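The values are calculated or read from the model by the stated rules, or taken from the named source; none is laboratory data. Only a predicted model underlies this, so the values are computations on that prediction, with no experimental measurement involved. Don't worry about glycine lacking a Cβ; one is built from the backbone with ideal geometry, like all the others, and counts go over all protein chains shown.
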Amino acid sequence: AQKITQTQPGMFVQEKEAVTLDCTYDTSDPSYGLFWYKQPSSGEMIFLIYQGSYDQQNATEGRYSLNFQKARKSANLVISASQLGDSAMYFCAMSRSNQAGTALIFGKGTTLSVSS
Amino acid sequence: EPEVTQTPSHQVTQMGQEVILRCVPISNHLYFYWYRQILGQKVEFLVSFYNNEISEKSEIFDDQFSVERPDGSNFTLKIRSTKLEDSAMYFCASSEAGAYNQPQHFGDGTRLSIL
């Protein structure tokens with residue numbers, strides 16, 4: 001069965017510093033996608049970044065990058081130059097390839113708090 | 001930027017009543033999804049929908065739940081007889097295609113409170 005594990009319930013970082021949010025996954029599928037979503041206190045879910053299982057290079061989107069280590073089954077999110085507005089819950093999620101309209105499997109999330 | 005819209009933002013309903021949650025997916029997207037998030041817990045998949053049919057559903061999606069695309073723009077989730085444990089945030093999502101590498105874009109959610 002597929003599983004996403006986020007072991008950090010909470011992380012604290014100073015403004016302008018970089019932070020890494022951990023995510024490990026377990027799957028037997030050769031094809032899968034890994035996603036990160038941000039959920040601010042207002043509740044909406046915002047898509048941040050995607051990494052495919054066959055992608056050779058780590059994904060980047062502005063200040064977000066995904067440190068993908070396939071052999072270790074990890075897909076950590078790196079936020080560079082943290083801003084106060086980055087304070088939110090962050091979810092790692094995985095899709096699977098065996099069916100169209102595939103479900104996303106989510107981890108339990110990490111709460112990031114950015115202080116000035 | 002196109003977005004998924006959900007209405008209402010908050011719904012309060014008496015236990016045993018029927019409730020319909022509404023969603024307008026992004027216009028060129030073909031796959032639609034419902035997820036729920038009980039307060040403080042992780043997001044859980046309920047159902048996916050394509051071409052007017054359910055593609056996949058979870059064990060949570062029992063006979064009390066149904067989905068429908070009543071017209072060309074709306075996508076609805078109906079809970080027939082609500083229970084206290086149905087209290088949660090319900091998210092609608094859509095994706096352009098159904099493949100594993102397609103990001104799903106979420107709406108802002110409907111907070112459902114069952115009294």
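Results for (1) closer than 21 Å to residue B:36 by Cα; (2) more than 14 Å from the chain's Cα centre (by Cα); (3) at the interface with chain B (Cβ under 9 Å from one of its Cβ atoms), shown as yes or no for each residue.
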residue	(1), (2), (3)
A:65	no, no, no
A:79	no, no, no
A:82	no, yes, no
A:88	yes, no, no
A:95	yes, no, yes
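What residue, of B:46, B:21, B:39, B:30, is surrounded by fewer than 16 Cβ atoms within 10 Å (Cβ to Cβ) and of a type in the set (A, V, I, L, M, F, W, C)? Write out each step before concluding.
Details: B:46 fails: surrounded by fewer than 16 Cβ atoms within 10 Å (Cβ to Cβ); B:21 fails: surrounded by fewer than 16 Cβ atoms within 10 Å (Cβ to Cβ); B:30 fails: surrounded by fewer than 16 Cβ atoms within 10 Å (Cβ to Cβ).
Criteria check complete, one pass: B:39.
Considering only residues of the stretch B:81-95 that are touching a strand residue (DSSP E or B) at 6+ places or on another chain (Cβ under 7 Å) and surrounded by fewer than 17 Cβ atoms within 10 Å (Cβ to Cβ), which is farthest from the other protein chains (Cβ to nearest Cβ)? Break it down stepwise before answering.
Of all residues in the stretch B:81-95, those touching a strand residue (DSSP E or B) at 6+ places or on another chain (Cβ under 7 Å) come to B:82-84, B:86-95.
Retained after the next criterion (residues that are surrounded by fewer than 17 Cβ atoms within 10 Å (Cβ to Cβ)): B:83-84.
Details: B:83: 22, B:84: 20 Å.
Checked the stretch B:81-95; the qualifying residue farthest from the other protein chains (Cβ to nearest Cβ) is B:83.
For residue A:21, are the conditions met, namely being more than 14 Å from chain B (Cβ to nearest Cβ), modelled with pLDDT of 95 or more and on the phi < 0 side of the Ramachandran plot?
Working: more than 14 Å from chain B (Cβ to nearest Cβ): yes; modelled with pLDDT of 95 or more: yes; on the phi < 0 side of the Ramachandran plot: yes.
The answer is yes for residue A:21.
From the residues in the stretch A:38-58 that are within 16 Å of the chain's Cα centre (by Cα) and hydroxyl-bearing (Ser, Thr, Tyr), which one is surrounded by the fewest Cβ atoms within 10 Å (Cβ to Cβ)?
A:50
Would you be able to say whether some residue in the stretch A:6-22 is without any contact (Cβ under 8 Å) to a residue 24 or more places away in the chain, under 10 Å from the mean Cα position of the chain (by Cα) and surrounded by 12 or more Cβ atoms within 10 Å (Cβ to Cβ)?
no
Only one of B:60, B:20, B:54 is within 12 Å of chain A (Cβ to nearest Cβ) and outside any loop (DSSP other than H, G, I, E, B); which? Show your work before the answer.
On the way: B:60 fails: outside any loop (DSSP other than H, G, I, E, B); B:20 fails: within 12 Å of chain A (Cβ to nearest Cβ).
Going through B:60, B:20, B:54 in turn, just one is within 12 Å of chain A (Cβ to nearest Cβ) and outside any loop (DSSP other than H, G, I, E, B): B:54.
For the stretch A:51-103, enumerate the residues that are touching a strand residue (DSSP E or B) at 6+ places or on another chain (Cβ under 9 Å) and hydroxyl-bearing (Ser, Thr, Tyr).
A:53, A:60, A:64, A:65, A:74, A:80, A:82, A:87, A:90, A:95, A:97, A:102
Please find, within the stretch B:23-39, the residue that is nearest to residue B:83 (Cα to Cα) out of those that are of a type in the set (Ser, Thr, Tyr) and facing chain A (nearest Cβ under 10 Å).
Of the stretch B:23-39, the ones of a type in the set (Ser, Thr, Tyr) are B:27, B:31, B:33, B:35.
Subset that is facing chain A (nearest Cβ under 10 Å): B:31, B:33, B:35.
Working: B:31: 28, B:33: 22, B:35: 17 Å.
For the stretch B:23-39, the residue satisfying everything is B:35.
Has the stretch A:87-95 got at least one residue that is out of contact with any Gly (no Cβ under 8 Å at 6 or more places or on another chain), surrounded by 15 or more Cβ atoms within 10 Å (Cβ to Cβ) and outside any strand (DSSP E or B)?
Kept after step one, since they are out of contact with any Gly (no Cβ under 8 Å at 6 or more places or on another chain), are these residues of the stretch A:87-95: A:87-88.
Of the ones still in play, those that are also surrounded by 15 or more Cβ atoms within 10 Å (Cβ to Cβ) are A:87-88.
Next cut, outside any strand (DSSP E or B) only: A:87.
Within the stretch A:87-95 (the criterion being out of contact with any Gly (no Cβ under 8 Å at 6 or more places or on another chain), surrounded by 15 or more Cβ atoms within 10 Å (Cβ to Cβ) and outside any strand (DSSP E or B)), the answer is yes, since at least one residue qualifies.
Would you pick out the residues in the stretch B:40-51 that are more than 8 Å from every other protein chain (Cβ to nearest Cβ) and in contact (Cβ under 8 Å) with a residue 12 or more places away in the chain?
B:46, B:47, B:51 - these are the residues of the stretch B:40-51 that are more than 8 Å from every other protein chain (Cβ to nearest Cβ) and in contact (Cβ under 8 Å) with a residue 12 or more places away in the chain.
Checking residue B:77 against (1) at the interface with another protein chain (Cβ under 8 Å from one of its Cβ atoms); (2) under 10 Å from the mean Cα position of the chain (by Cα), which single condition isn't satisfied?
In the conditions (1) at the interface with another protein chain (Cβ under 8 Å from one of its Cβ atoms); (2) under 10 Å from the mean Cα position of the chain (by Cα), residue B:77 misses (1) alone.
Given the stretch A:1-59, what strands (runs of 3 or more DSSP E) lie entirely inside it while holding 1 or more residues that are in contact with a Cys (Cβ under 7 Å, 6 or more places away or on another chain)?
Numbers: elements: A:3-5, A:10-14, A:19-21, A:24-26, A:32-39, A:46-52.
Because the criterion is at least 1 residues that are in contact with a Cys (Cβ under 7 Å, 6 or more places away or on another chain), the strands (runs of 3 or more DSSP E) in the stretch A:1-59 that meet it are A:3-5, A:32-39.
Here are some conditions: (1) crowded, with 19+ Cβ neighbours inside 10 Å; (2) more than 8 Å from chain A (Cβ to nearest Cβ); (3) of a type outside the set (A, V, I, L, M, F, W, C). Residue B:98 meets all but one. Which one does it not meet?
Result: residue B:98 fails condition (2) only.
For the structure I just gave you, tell me whether residue A:35 is surrounded by 14 or more Cβ atoms within 10 Å (Cβ to Cβ), within 13 Å of another protein chain (Cβ to nearest Cβ) and touching a Lys or Arg at 6+ places or on another chain (Cβ under 9 Å).
Numbers: surrounded by 14 or more Cβ atoms within 10 Å (Cβ to Cβ): yes; within 13 Å of another protein chain (Cβ to nearest Cβ): yes; touching a Lys or Arg at 6+ places or on another chain (Cβ under 9 Å): no.
The answer is no for residue A:35.
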